[in-house]
Structures are given as C-alpha cells and as structure tokens.
Amino acid sequence: MTKQAIRSEVAARVKNLSPVYCREADEAICRCLLQSKLYQKARTILCYIGTSAEINTMPLLHAALRDGKILALPLCSQEKGIMEARQIAGLGDLVSGRFGILAPKLQCPLVAPEDIDLVVVPCATGNAKGLRLGYGGGYYDRYLPQTRCPAVLLCRTHVMREDIPMEDHDVLMDYFVTERGVVDCKAERGA
C-alpha cells in the first residue's frame, strides 16, 4: 500500500475508535512516558500538541511544566517541511498556528535542536520497530537529524501497523510508547 492509502485507512480506523478507549489509552500512554527514565532524565523536551485524531499530550505538557522541565513545542514555518522548537513558560504562550494546531507565539525563545534531551513525535501510525508514518509534511524527518537525543513515538495499539513503507529520508524512532508500555525500537530491530 502507498503511504497515502495507509493514512486514509488509519484515519477511518481512528474515527471508529471509541472515545472511552481513546481517553483511557491516551492517559496510559502519557503515564508510561512520564514514568520512564527517558522522561525523568530529560531536562529539555520537545513535545507536540495532539489533534483530535492523535494522542492527547496535554497531560505531558502540564507535567513537564510542573516538573520544571524546559518545554518546547514545534513552530512550523511557512516554508514546507521546516519547523523549529520554541520554549513555552505556560499554555498562555500558545496561539492557533498552521493547520489549526496550537503553536508557540513567535516571541517564545528558540531552543536549539542540540539542546533538546527528548523529542516526542506524532504519527498517523507506527510500530515497535520504530517505523513511523506521519502526515506527509516531512517536518520531523527534516528536524530530527539535527538533534542528538532519543525520539519517542506515541501511538495507540489499535492504530499500529507493521506494513509501513519507508523511504531514504524517513527517520526511525528510538522508542515506541503505547498504552501497554515503552518499547526500545533498536532492540526490536535487533540493532
């Protein structure tokens, strides 16, 4: 299947998920990440704000702020596929951004990719081997090679897929978090 066909199939599957399952899975996913050494050791975290089809990451954002982490969120530029990380001091630093997703205000401080200790990455689907299917913009595939930290993919088990086509520019994830726990993707790949 093509990437676009998989995206369409997954989007249809997400629409049919029960709101109770989504809420419970999202809470469990956030709890698993927050209890992990990955999160606990990270001082600076880049995290996304989940859309209605994605994981609700608000508990992660609140926890990072409460725990005194440096919290950055992606700010997508007008140039296709280019994003940067901007530090927020609180949710009041967010405005409606590209694609109708909350994003940091332009005045928020820039965080250099090499200063980030953990990147939490969105997906349409993914799997424990670290294969990720995004939404086709290439933002994270362009950004992640600039970082020197683990990339963590959040995904509900009901939308996981094994048959994700990979291209040369696609970046493999280091960790995969579902409601069942945290998986080391390199170990799953036998690397």
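A few notes on this one:
- Cut-off 16 Å (backbone N to label point 7 Å along Cα→Cβ of L34), residues of region 76-120: 91
- Amide H contacts of L118: T44, L46, each under 5 Å away and 5 or more positions distant or on a separate chain (H built 1.01 Å from N in the peptide plane; Pro and chain starts excluded).
- Inter-label distance for K105 and Y21, nm, one decimal - labels placed 7 Å from Cα along Cα-to-Cβ: 4.1
- Taking amide H atoms as placed 1.01 Å from N in the peptide plane, the amide H of R86 lies under 5 Å from those of L73, L75, V111, each 5 or more residues away in sequence or on another chain.
- For a label point 7 Å along the Cα-to-beta-carbon line of E162, residues of region 126-150 with backbone N under 16 Å: 126-132
- Relative frequency of Cα-Cα separations exceeding 17 Å in region 137-191, percent: 44
- Value of [θ]222 nm, deg cm²/dmol, for the chain, DSSP H segments ≥ 4, -39500 (n - 2.57) each, nearest 500: -8000 deg cm²/dmol
- Share, in percent, of DSSP beta bridges within the chain that are antiparallel, nearest 5: 60
- Helix 19-35 and the long axis of the chain differ in direction by around 60°, with both axes built from C-alpha atoms.
- Share of carbon and sulfur in the accessible heavy-atom surface of the chain [1.4 Å probe, %]: 52
- Between helix 3-15 and the chain: long-axis angle, C-alpha atoms, 0 to 90°, nearest 10: 80
- In the chain, one over the average inverse separation of all distinct C-alpha pairs is 16.7 Å, which is the Kirkwood hydrodynamic radius.
- Qualifying aspartates and glutamates (Cα of each under 13 Å from Cα of K3; at least 8 residues distant if same chain): E162, D163, E167, D170
- Computed from backbone phi, the HN-Hα couplings of region 71-76 come to 10, 10, 10, x, 10, 7 Hz, rounded to whole numbers (Karplus: 6.51 cos²θ - 1.76 cosθ + 1.60, θ = phi - 60°; Gly and Pro given as x).
The values are calculated or read from the model by the stated rules, or taken from the named source; none is laboratory data. Small disclaimer: the values here were computed from a predicted structure and weren't measured. Neighbour counts run over all protein chains shown; Cβ positions are idealised from the backbone, glycine included. We work out accessible area using only protein heavy atoms, side chains counted, and drop any ligands, DNA or RNA first. Shrake-Rupley method; radii C 1.70, N 1.55, O 1.52, S 1.80 Å.
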